[in-house]
Every structure is written in C-alpha cells, then in structure tokens.
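Just below is one structure, and these are the notes that go with it.
Read-outs throughout are calculated quantities, based only on the coordinates presented, and are distinct from any laboratory measurement. What you see is a predicted model, and the numbers here were worked out from it, not measured in a lab. Backbone-built Cβ (ideal geometry, glycine too); neighbour counts: all protein chains shown.
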Amino acid sequence: MQAFPRSTTATATAVVVPPSLALPVIESSFPRQLHPYWPKLQEKTRLWLLEKRLMPADKVAEYADGLCYTDLMAGYYLGAPDEVLQAIADYSAWFFVWDDRHDRDIVHGRAADWQRLRNRLHTALDAPRSHLHHPDPLVAGFAESVLRLYGFLPRTWNQRFARHFHAVIEAYDREFRNRVEGHIPAVEEYLALRRLTFAHWIWTDLLEPSAGCELPDTVRKNPAYRRAALLSQEFAAWYNDLCSLPKEIAGDEVHNLGISLITHAGLTLEEAVGEVRRRVEECVSEFLEAERNALALARHIDDGTAHGRKLSAAVRTCVGNMRNWFSSVYWFHHESGRYMVDSWDDRATPPYVTNEAAGE
C-alpha cells in the first residue's frame, strides 16, 4: 500500500524533516510503501519482545511502537511472505536491542560481560537450537530469531548468513575496543568497519528469503547487482551517521563518519555535516544508475526458460526492495524515538535502554 510522509504511529501526525537533513530527491522520487502486514507485524513484534524478555514490560509499553523498528522492515522487504517478514522484523528488533546492550556495556565498563556475550553469540549462530533456552534473554532471542530465518532457504544460504554475521559480531568487538580506548578510526578504516557494524550484507542477504529464492553467486557477485546493493546500504549507514551525529557527540562516541572527518580531515563540525550529506546525496544519484544496470541484468537472466523467468523475477524483486530501503531508512530516522535526542532527559542516555547488566 502507498504510504504518505506521515507517521505510522497512532497519532498519524505529519513528519517534519529538519532542513539540514531533508533530501528532496527521496521525498519526490522514492515513494514510500509499507507491507500490508505491517499493523499485525508491529503487534506481534511487540509481543515477541515481551515474551523473550528483551525489553522490560514498562519500556515495551512506553517506547516499542514509537521506536518504529517494524516500520523500517515493513518499508523494505515488500512482497515478502508474512512469516518471512515477521522473522526479519523480530530479528531486526533483536539487533537494535543488542546494539543498545553493546553501548551500555561500553558506557558502564562491562568488558567481561561483553566478551561473554560475544562468545555466546558466535556459538548460538552455529547451533541456534541448543541456545533457545539460554539464561541470557539476548542469546535466547537471537537463537530463536536465527533459527526461524534458517528455515526459509537452503543450507547454503544459512551458511552464508552465519558467515556474514560472525563478521558483524567481530566488528562490534572492534568498535567496543575503539570506544574504550578512545580510538577514532581514520576515514577509510571507519568506512570499512561501518559496512560490518551496519550489517550491509546481512540486510542484503535477507532480500532473498523475501523474494523466495536463493540467488546464485553469478548473480550476487555480478558487479551490477553488488553495486546496487552496496549503494543502498551505504546510503542507510551514512544517513544514519548524519542523523545520529548530535546523539553520538553527546554520548562521547568515536564511531561516526562525521567524527572521523573532524578528527582526521581537520573539518569543522559544519564542514563534516556537509561532507557526510554530500556522500549521502552521491549514493542516491549513483544508485539510480546502478539500479538501471541491475534491472538490465535481470532482463538478461530471463532466457525464456522457467528457471530463467523465476530467477529474473527474484532479481527484480530484490532490486526493487533495494530502492525501498532509501525511503524506509529516510522516514524511519524522522519518526523513530531512537533519534529524538532533544526530547530525552539526558542526551547521552536513551530512555528506552536498560542500564543494568544481563542477569544469569
């Protein structure tokens, strides 16, 4: 269904985008859509967060819907079967909670807790069924969501997903050490690390169960497909950096493209914001060309056989959803309470997080 630039929360108020963050090309050329399953998705993910004890009940009641995690996924994976979208949305909600735990472990100096969690996630990723009842809700919730994702496509897809997420866990560990040591990565180092901490290839992998088809290496590694996928993710990561910069400066962060530019390129804050914005806008314009090339690849794949038609249709669906990622990410950053730092009592402490260490 077509969605308008209005909030998907119950109030349905018009979204106001600050001029410094407004991207007219997104608002005009990337029409926003939402999967028709979205209202049910929001309800079920809220219940899943409670059932898995990933957020306290009071925080779920007050903040879960306003964080708009399900909106982000419902605007991305259009055409996905309901059960696939639900599994992705629950996994995505888990990812945000994990990101918050990682942040709080850094802020409160819980290095041993983080290392324990890091090791458990690696193990659960390879054997999720044996971790479904783990005493740490974050491990149990991860195992359950991964096990569901593993049920949609062949074992080869599962192995690739696991390989990609093992790399994400290790990237989070590097970010942990960088923040503890106060190390601000140089720009190129940061960009390489950001592709992992933002989980570029995880969200790209999940296009495939949404399309109901595992793509062969000849498609996934084709420069036309890979370029379009990378640009959609780079846009999301860098736009996130642009919107998160006030929150991350307030929280004494070291991981943000703007902060790396200020530190290593000698830019002022205003210049860094301008440079990040330039890169974001460049991603959009370059994607439009990459999208044409990827769709040309899809046409080439359709060789008149049943297999060719099916694979071509799957590629078109994946590329279409890469396009949807732009609008979904854009509006998410202006609707989600995750970025409304000016409304928080403490700009360095999000009100939806739990500061306590995980219990056993």
With no solvent and one point per C-alpha, what does the Debye sum give as log10 I(q)/I(0) for the range 246-297 at q = 0.13, 0.28 Å⁻¹?
-0.44, -1.02
Nearest 0.05, what FRET efficiency do Ala61 and Leu21 give at R0 = 35 Å with Cβ-Cβ as r?
0.75
Ranking Trp344, Trp325, Leu295 by how far each Cα lies towards the positive end of the charge dipole of the range 290-356 (+1 on Lys and Arg Cβ, -1 on Asp and Glu Cβ), the top one is Leu295
For an R0 of 30 angstrom, estimate the FRET efficiency from the Cβ-Cβ distance between Glu83 and Arg347 and round to the nearest 0.05.
0.15
Specify the residue with the greatest mean-square fluctuation among Asp58, Asp241, Asp173, computed from a Gaussian network of the chain linking alpha-carbon atoms under 10 Å apart.
Asp58
In the range 283-323, whose amide N lies under 15 Å from the spot 7 Å out along Cα-to-Cβ of Ser29? List them in ranges.
283-293, 323
Computed for the range 56-192: size of charge dipole around the Cα centre, +1 on C-beta of each Lys and Arg, -1 on C-beta of each Asp and Glu, debye to nearest 20, value 580
Rounded, prolate or oblate: which fits the range 316-360, taking a ≥ b ≥ c as square roots of the Cα gyration tensor eigenvalues, rounded meaning a/c under 1.5, else prolate when a/b beats b/c?
oblate
Each label sits 7 Å from Cα toward the beta-carbon; between Glu356 and Asp252 the label points are separated, in nm, by 2.5
Please give the calculated 222 nm ellipticity per residue for the chain, where each DSSP H segment of at least 4 residues contributes -39500 (n - 2.57) and the sum is spread over every residue; nearest 500 deg cm²/dmol?
-21500 deg cm²/dmol
Rg and Dmax in Å for the chain, alpha carbons only: what are they?
19.7, 61
The chain, Gaussian network, Cα under 10 Å: of Pro185, Pro24, Pro36, the residue fluctuating most is Pro24
Connecting C-alpha atoms closer than 10 Å in a GNM of the chain, tell me which of Gly109, Gly258, Gly337 has the biggest fluctuation.
Gly109
Please give me the summed charge of the neighbours of Leu67: other residues whose Cβ is under 11 Å from its Cβ, Lys and Arg +1, Asp and Glu -1.
-2
Treating only Lys and Arg (+1) and Asp and Glu (-1) as charged, each at its beta carbon, one finds that the chain has a dipole about its Cα centre, in Debye to the nearest 20, of 1120
Once Lys and Arg get +1 and Asp and Glu get -1 on their Cβ, which of Tyr239, Pro128, Pro185 lies farthest toward the positive end of the dipole of the chain?
Pro128
